[in-house]
Structure formats: structure tokens, C-alpha cells
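S.K.: Once you've had a glance at the structure underneath, I'll fire off some questions.
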Amino acid sequence: YQVIAMNYNFFAPQQICFGWGRFQETGDLAASLGTRAFIINGSRSLESSGVIEELRQLLSRASIKSEFIRTISNEPEVSDVDQTTNLLRHWGAGAGDFLIGIGGGSGIDLAKAASAMITNQESDTVLDYLEGVGRGLKLTESPLPLLAIPTTAGTGSEATKNAVISSYAPPFKKSLRAEEMIPDIVLCDPQLACSVPPEITARTGMDAITQLLESYISCRAQPIPQALCLQGLKLAIPALPEAVENGNSRRGREAMAHAALLSGIALANSGLGMAHGVAPALGIHCKISHGLACAMMLPATLQANLSVRQQEYGEIYRFLYPDQTLSVEQAAESLITEIQQLNDRIHIPRRLSEVGVSQAQIPDLVASSRGNSMSGNPRQIPDGELTQILESLL
Ligand code: NAD
């Protein structure tokens with residue numbers, strides 16, 4: 001047997017409450033975090049369907065005051081974080097207060113960033129704290145407590161220590177990161193995802209699958225995340241088409257919500273790889289949503305790492321299909337085929353040109369792909385090779 005990285009730190013949320021219908025427990029859970037909640041919502045649909053109003057009632061029944069801060073409908077930008085922090089200051093947020101981030105990765109990331117910015121006041125803008133841009137300030141104070149309620153079954157942001165923040169001018173997508181930013185409590189009620197439309201279910205679900213695969217093969221892979229990745233993949237690969245094709249499928253939504261949560265825990269500890277390296281670049285330069293970008297890059301990423309991770313692909317495939325008697329080489333190839341077929345079944349486009357990417361954008365895409373995620377890829381992908389890979393996907 002092979003032993004990997006038997007020397008590690010492992011981070012996860014302090015408390016995870018997972019279960020169908022457990023949104024009703026929000027008040028009791030939140031009571032341990034403070035007496036006044038600031039709600040940041042990641043989807044207009046949660047407002048129009050009455051989920052936000054219900055959240056406020058549940059809090060009120062537990063004697064928790066709530067202030068509705070804002071709804072965000074796009075991936076959060078620097079200005080969103082700064083405006084949200086200003087609103088929190090306006091409300092006098094401080095001791096005894098906490099934040100609730102409800103929604104997909106966008107809403108949860110905005111809540112994570114604002115909860116850190118309200119206590120770290122060396123600069124008025126989050127720009128100065130983002131990795132590799134601004135003044136390079138460090139977060140020194142603990143964020144306000146945070147309850148994360150995920151609703152998309154994708155990013156796993158509810159379990160990670162970073163918030164991804166975008167800027168279009170100048171173009172970058174960077175993280176605000178600190179171990180203390182892992183939400184204090186995660187309330188994951190898979191029923192909340194039933195209203196997510198099929199296309200978004202497909203894209204966000206492939207983000208989770210990409211995270212599970214990239215964490216498993218990352219050059220920073222660790223034993224606990226690897227075990228979680230296998231469980232997550234076994235759930236998500238059959239469940240994603242079910243959740244896309246029947247949004248009310250309890251089985252499909254539960255499996256995807258659980259897989260996404262596991263993918264967040266895995267990536268927070270093991271890092272990611274090439275697909276997540278390129279995805280922010282596709283988001284910033286070509287306005288492609290994060291999940292779609294990951295999904296489109298995943299087969300090529302697996303192919304690019306086959307030479308150094310054949311054994312791991314084989315392990316994953318054999319775990320997924322223990323009855324099949326295939327050699328490691330065959331199992332590894334089968335995994336890549338399986339992922340491409342999954343993408344095809346849930347209507348993820350194969351060609352980057354289909355989603356508006358042009359040849360002229362490739363140099364910018366390559367230059368913007370060198371973030372933290374790319375550094376987890378199992379082997380170095382030089383600029384020339386990344387250019388060829390992106391050209392082959394046009
Ligand atoms: P999202 O949060 O942007 O949501 C996508 C769409 O789904 C939005 O239109 C939203 O309104 C809608 N939606 C959300 N919940 C819904 C519901 N219950 N019913 C109906 N519609 C709903 O998408 P996402 O993929 O979850 O998050 C993407 C963001 O997360 C990106 O900025 C990405 O970079 C970031 N991200 C963060 C981490 C992290 O660890 N912090 C990890 C991966 C990705």
C-alpha cells in the first residue's frame with residue numbers, strides 16, 4: 001500500500017447540520033451564534049419564493065433580531081464586498097451579532113468576506129486583503145460568526161476557508177483567505193435546492209464533481225479528504241443527472257448537497273488543479289459562470305494529468321464500479337470517458353467557442369490561470385501546453 005502525506009492539518013466547520021427539511025431548525029442553531037443576524041442572500045429566487053421571509057420568522061421565534069442586508073445575483077465583486085461592509089457598519093455590527101449567508105457560492109462568499117472585513121479595519125476595501133493584489137494586508141482579527149446555508153449543491157463554499165472575489169477592471173478573480181473564515185455552522189437542507197433550474201443544477205453540480213476529482217489527485221492530496229472524495233463521487237456521478245432531470249428528486253438533491261459539502265471540505269485541505277486554475281480566467285475574461293467553466297475544463301484536465309495520476313484514476317473508477325474487472329490503464333481511461341459522457345448527458349457544451357471564447361483571448365486566459373488552484377495541479381502545465389489545451393477546446 002501507498003501512504004500519502006501522513007503529516008497534515010485538517011480543517012472543517014465546527015458544526016454541520018445536514019438533512020431534508022432541517023431549515024426549520026435555523027432559529028435554534030443560530031441562537032448559539034448571537035442575538036442579531038445580518039442576512040446576505042445569494043439568489044432573488046429565494047426572496048420571491050418566500051424563503052428569506054421564512055428565515056426571518058424562524059429567527060424571530062428564537063428571539064433573534066434580523067436585518068436583511070442585501071441580495072446578490074452575480075458572483076461577488078470587490079464593490080459588492082465594500083458596499084456590504086459599509087452597510088454592516090451603518091447598522092453598527094459588532095459583538096453579539098452574526099451573519100447568515102444563504103444561497104450558492106456567491107451569497108456565501110459575500111457573507112464570508114463581509115464577516116471578515118467588518119472586524120479587520122486596516123483598509124476600507126477588500127482589495128487590499130486579496131491574495132496577490134492590493135496592499136497585501138493580512139486578516140488579523142477573527143471574523144464575526146457565520147451561519148452558512150448553501151442552496152446550489154456546487155461550490156462547497158459552506159466548508160471552505162476562502163471567499164472568491166471578482167474584478168472586471170482590472171480583471172482578476174482572487175480569494176480572501178483565512179482559517180477563521182470557515183463558517184461556524186453549516187446548515188445544509190437539500191430541499192432548498194429543489195428550486196434551482198436544470199441548467200444551474202448541471203453546472204454547479206459539475207463544480208462539485210471537479211472539486212472532488214481535483215482534490216483527490218492534487219499534489220497536496222491528503223488521506224481524510226481523499227476518503228471524502230471517493231464517497232462524494234460515488235454519490236454525485238449517478239445523482240447529478242437525476243437532479244438535473246427531476247429537480248424535486250429527494251434522492252438526487254440529497255446526494256448532490258452531500259457531495260458538494262464533501263467537495264468543499266476536501267478542497268479546503270487539499271487544494272485543486274488545472275480546471276479550477278483556468279475557471280477564474282474564463283469567468284473574468286469571457287463571463288462564463290464558475291460551474292460551467294469547471295465542467296468544460298474537467299475532461300481536458302483529467303487527460304493532461306493521466307500520465308502522473310493513472311493509478312489514482314484507476315482507484316476511483318474501481319471504487320465507483322467494483323464489479324468491473326479492468327486493468328488500471330483501462331479503468332483510468334474509463335474514468336475520463338465517464339466524465340465526458342456525464343457532461344454530454346447534462347448538456348455541458350464541449351467547445352469553448354460555443355460559449356463565446358475566441359482565439360484572441362487565449363493569451364489572457366493563460367496569463368490569468370496561474371492562481372492558487374493551479375498550484376495544486378499534480379504536474380506543472382507550462383504556458384505553451386496550456387495554450388495548446390485551450391486551443392484544442394475552441
Ligand atoms: P451562484 O451562487 O452564483 O448561483 C448561481 C445561480 O443560482 C444564481 O443565479 C442564483 O440566483 C441561483 N440560485 C441559487 N440558489 C438558488 C435556489 N435555491 N433556487 C433557485 N435559484 C438559485 O453559483 P455557485 O456556482 O453556487 O457559486 C459561484 C461562486 O462561488 C463563484 O464566484 C465561484 O468562484 C465561487 N466559489 C467559491 C468557492 C469557495 O470555496 N469559496 C469554491 C468554488 C467556487
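Read-outs: derived from the displayed coordinates by stated rules, not from any lab. Nothing here was measured: the structure is a model prediction, and the numbers come from that model. Reconstructed Cβ throughout: ideal geometry from the backbone, glycine too, with neighbour counts over all protein chains shown.
S.K.: If you take the beta carbon distance between residue 57 and residue 385 as r and set R0 to 35 Å, what does 1/(1 + (r/R0)^6) give as a FRET efficiency, to the nearest 0.05?
M.R.: 0.05
S.K.: Based on alpha-carbon centroids, what's the gap between the range 103-150 and the range 26-90 in Å, whole number please?
M.R.: 16 Å
S.K.: Using 0.36 nm times the number of residues separating residue 91 and residue 25, minus their current alpha carbon distance, what extension gain do you get?
M.R.: This chain segment gains 21.2 nm when fully extended.
S.K.: Express in nm, to one decimal, how much length is gained between residue 287 and residue 70 on full extension, taking 0.36 nm for each residue of separation and deducting their alpha carbon distance.
M.R.: The residue 287-residue 70 span can extend by a further 75.8 nm.
S.K.: A further question on this structure: For the range 147-273, what mean projected area does the convex hull of the alpha carbons give, in nm²?
M.R.: 8.0 nm²
S.K.: Under a point spin-label approximation (7 Å from Cα along Cα-to-Cβ), what is the residue 392-residue 341 distance to one decimal in nm?
M.R.: 2.1 nm
S.K.: Give the long-range amide H neighbours of residue 70: residues separated by 5 or more places, or on another chain, with amide H under 5 Å away, using H modelled in the peptide plane at 1.01 Å from N.
M.R.: Amide H neighbours of residue 70: 41.
S.K.: Once label points are set 7 Å from the Cα along Cα→Cβ at both residue 367 and residue 195, what is their separation, rounded to one decimal in nm?
M.R.: Between residue 367 and residue 195, the label points sit 4.2 nm apart.
S.K.: Over the range 197-393, what number does the Rg to Rh ratio reach, with both radii from the alpha-carbon atoms and Rh per Kirkwood?
M.R.: 0.95
S.K.: What share of Cα pairs, in percent, lie more than 28 angstrom apart in the range 15-192?
M.R.: More than 28 Å apart: 15 percent of the Cα pairs in the range 15-192.
S.K.: Output the direction-averaged projected area (hull surface divided by four) of the convex hull of the alpha-carbon atoms of the chain, in nm².
M.R.: Here the figure is 18.2 nm², rounded to one decimal.
S.K.: If you don't mind, another one. Magnitude of the Cβ-charge dipole of the chain, K/R +1 and D/E -1, about the Cα centre, nearest 20 debye?
M.R.: 180 debye
S.K.: With a 10 Å radius around each residue's Cβ, average the other Cβ atoms per peptide and rank 338-349, 323-334, 176-187, highest first.
M.R.: 176-187, 338-349, 323-334
S.K.: Just to confirm a number: summing +1 for Lys and Arg and -1 for Asp and Glu over residues other than residue 174 whose beta-carbon lies under 15 angstrom from that of residue 174, what do you get?
M.R.: Around residue 174, the surrounding residues sum to 0.
S.K.: Same structure, new question: For the range 15-192, please report how many Lys pairs fall under 24 Å Cα to Cα, leaving out neighbours fewer than 8 apart on the same chain.
M.R.: Taking the Cα cut-off of 24 Å, the pair count is 10.
S.K.: To the nearest 0.05, how large is the calculated FRET efficiency for residue 125 and residue 44 if R₀ is 30 Å and r is the Cβ-Cβ distance?
M.R.: Rounded to the nearest 0.05, the efficiency is 0.70.
S.K.: Residue 375 to residue 251: extension gain in nm, 0.36 nm per residue of separation minus the Cα-Cα distance?
M.R.: 41.1 nm
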